[in-house]
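A short worksheet on the structure shown next.
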Amino acid sequence: MPTYVYICDETGEEFEYIQGINSNAFEFWPEDVKGFDANKPKKVRRKIGTGIGVMLKGTGFYETDYVKKSGTPDKKD
């Protein structure tokens, strides 16, 4: 599940929250996040461009992915 960053419209405070990709964005500061005040609800919005991480996996690069050094002959099998 992605981690989204939310920002408070009033104070500029930010927090991260792990939510399903199909979950609706919060409108107010959630109760289970540090900074929640039941006496003064804070309006929040989800920041654009967050929540998507890129994970690159693999063993490395192939020899053909690199630029050939000048003057070196091709390997023949």
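Since every read-out is calculated from the coordinates, none of them should be taken as a lab result. Here the structure is a predicted model, which is why all the values come from computation and not from measurement. Glycine also receives a Cβ, built like all others from the backbone with ideal geometry; neighbour counts cover every protein chain displayed.
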Practice item. Quick one: which residues, 5+ away or cross-chain, put their amide H under 5 Å from the amide H of LYS42? H built at 1.01 Å from N. Key: TRP29, ASP37
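Using a 10 Å cut-off on Cβ atoms, rank the peptides 30-39, 17-26 from the highest mean neighbour count down. Can you show the working numbers first?
Working: 30-39: 9.5, 17-26: 11.8.
The packing order, highest mean first, is 17-26, 30-39.
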Study note, to complete from the structure: Here segment 36-42 yields Karplus 3J(HN,Hα) values (6.51, -1.76, 1.60; θ = phi - 60°; whole Hz; Gly and Pro given as x) of 5, 10, 5, 7, 9, x, 9
Review point. So who's got an amide H within less than 5 Å of the one on LYS47, skipping anything under 5 residues away but keeping other chains? H placed 1.01 Å off N, in plane.
Key: VAL5, TYR6, ILE7
